[in-house]
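S.K.: Sending over a structure as structure tokens; questions will come in a sec.
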Amino acid sequence: MPTAATLLHDRLVEQQRALVEAEAAVRRGEPEGIHDLRVAMRRIRSALASFRPIVDADVTDPLRDELQWAAGRLGEARDAEVVAERIVTLLDEVAADTPPEVLARLRDRVHADAAAVRDVAVETLDSERYAAALVLLDAVVARPPFTDAAQDKARPLARRRLRREADRVLRLAEEAWATTDPEEHAAQLHDVRKRAKRLRYAAEACELVLGDRATKVAGAAEQIQTTLGTHHDEIVTRAALRRIAEADDGDEAGAFLLGRLDALEELAEARVERQAAKDIAKLERVAAKQLG
């Protein structure tokens, strides 16, 4: 039976390798590079967070903070690309009854906005702060700052940590559904999504010792992540539509079209929230059965 130290160290080695490969892809300009790099960063952060009791947090927390910073910067570029794709798709849906010149102007504006933040990714990777984060990551992976608890058997610890992570997702979801303020509600659902990702990554890391139990929890968490990921995309798309409308003040045709697109996204947002509620209920059932 592997120890908790072995479980965590194997995960860190695996994801450091994934990070290096993804960074190279970003520098080559590959479309999925930014996504893959952020996923590797999140998986490293998730592993260090979920297994925090077996490491010296004074050493690992600064690494988690720096990876969070880098992933956040890269997320700006990623969100801009997603928003551009969504808005162009929406424009295509209403193209038949919209003046061509209005469509062309809005498409140009959307692509210009996306291009404006695209350089953020390379700037981040070329920064001294990111270079320092990689040095810290190398040190943590090479000599993980394990506590005495790291030598405990991995299975009991893994099950306790997954139960804790699942409970956190469910608690945050309950708080989100109880909130009536739209902006606060959206922010809380975004937090649910982030915690569901953390649960998923933790469960994936625990599959070696928990097997199918962890796989089923990871699957339920991934479904929440996917559904609320769509919800997040709709939220940022609506915000982008409002920014464009404000910048195009005085253009009645453009304003009408942007309002129409916003209404379509609002309807889609409501549908996704209903699905998210079902996904949360499924996670509750799966966690109770697989984790006790």
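S.K.: Within the range 145-170, which residues are modelled with pLDDT under 90 and surrounded by fewer than 17 Cβ atoms within 10 Å (Cβ to Cβ)?
M.R.: If the condition is that a residue be modelled with pLDDT under 90 and surrounded by fewer than 17 Cβ atoms within 10 Å (Cβ to Cβ), then ALA149, ASP152, LYS153 are the ones that fit.
S.K.: Could you list, in sequence order, all residues of the range 249-262 that are surrounded by 12 or more Cβ atoms within 10 Å (Cβ to Cβ) and small (Gly, Ala, Ser)?
M.R.: Hits for the range 249-262 are ALA253, GLY254, ALA255, GLY259.
S.K.: Within the range 227-248, is even one residue surrounded by fewer than 15 Cβ atoms within 10 Å (Cβ to Cβ), among the aliphatic types (A, V, I, L, M) and more than 19 Å from GLU85 (Cβ to Cβ)?
M.R.: Scanning the range 227-248 turns up at least one residue that is surrounded by fewer than 15 Cβ atoms within 10 Å (Cβ to Cβ), among the aliphatic types (A, V, I, L, M) and more than 19 Å from GLU85 (Cβ to Cβ).
Conditions tested, residue by residue: (1) among the charged types (D, E, K, R); (2) buried (at least 17 other Cβ atoms within 10 Å of the Cβ).
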site	(1), (2)
GLU21	yes, no
ARG28	yes, no
LEU37	no, yes
ALA40	no, yes
SER50	no, yes
VAL55	no, yes
ARG73	yes, yes
ARG86	yes, yes
LEU90	no, yes
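S.K.: Being of a type in the set (S, T, N, Q) and in contact (Cβ under 8 Å) with a residue 40 or more places away in the chain is the filter here, so list the residues in the range 1-40 that pass it.
M.R.: THR3, THR6, GLN16, listed by residue number.
S.K.: For the range 81-117, which positions are more than 22 Å from GLY259 (Cβ to Cβ) and touching a residue at least 12 places away in the same chain (Cβ under 8 Å)?
M.R.: Within the range 81-117, GLU81, ALA116, VAL117 qualify.
S.K.: Look at LEU74 and say whether it is assigned to a helix (DSSP H, G or I), touching a strand residue (DSSP E or B) at 6+ places or on another chain (Cβ under 8 Å), touching a residue at least 40 places away in the same chain (Cβ under 8 Å) and of a type outside the set (Gly, Ala, Ser).
M.R.: Criteria not met by LEU74.
S.K.: Shifting gears a bit: Can you say whether ALA214 is farther than 30 Å from GLY292 by Cβ and either at pLDDT below 95 or not assigned by TED's automatic domain parsing to the domain that holds PHE51 (or both), as far as the supplied structure shows?
M.R.: no
This table checks each residue for (1) assigned by TED's automatic domain parsing to the domain that holds GLY211; (2) among the hydroxyl-bearing types (Ser, Thr, Tyr).
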| position | (1), (2) |
| --- | --- |
| PRO144 | no, no |
| THR147 | no, yes |
| ALA158 | yes, no |
| ARG161 | yes, no |
| ARG164 | yes, no |
| ASP167 | yes, no |
| ARG171 | yes, no |
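S.K.: Here's something else I'd like to know. Using the structure shown, decide if ARG64 is surrounded by 14 or more Cβ atoms within 10 Å (Cβ to Cβ), assigned by TED's automatic domain parsing to the domain that holds ARG28, out of contact with any strand residue (DSSP E or B) (no Cβ under 9 Å at 6 or more places or on another chain) and charged (D, E, K, R).
M.R.: So ARG64 fits the description; yes.
S.K.: For the structure I just gave you, tell me whether ALA276 is touching a helix residue (DSSP H, G or I) at 6+ places or on another chain (Cβ under 6 Å), surrounded by 13 or more Cβ atoms within 10 Å (Cβ to Cβ), under 14 Å from VAL94 (Cα atoms) and not assigned by TED's automatic domain parsing to the domain that holds VAL88.
M.R.: So ALA276 fails the test.
S.K.: Could you run through the range 170-199 and say how many residues are touching a residue at least 60 places away in the same chain (Cβ under 8 Å), among the basic types (Lys, Arg) and in contact with an Asp or Glu (Cβ under 8 Å, 6 or more places away or on another chain)?
M.R.: Total satisfying the criteria: 1.
S.K.: More than 29 Å from ALA22 (Cα to Cα), at pLDDT 90 or above, surrounded by 15 or more Cβ atoms within 10 Å (Cβ to Cβ) and in contact with a helix residue (DSSP H, G or I) (Cβ under 8 Å, 6 or more places away or on another chain): does that describe ALA173?
M.R.: Criteria met by ALA173.
S.K.: ARG129 is checked against (1) under 20 Å from ARG38 (Cβ atoms); (2) surrounded by 14 or more Cβ atoms within 10 Å (Cβ to Cβ) and fails just one. What number does that condition carry?
M.R.: (2)
The values are calculated or read from the model by the stated rules, or taken from the named source; none is laboratory data. Keep in mind that what you see is a predicted model, and the values were worked out from it rather than measured. Glycine also receives a Cβ, built like all others from the backbone with ideal geometry; neighbour counts cover every protein chain displayed.
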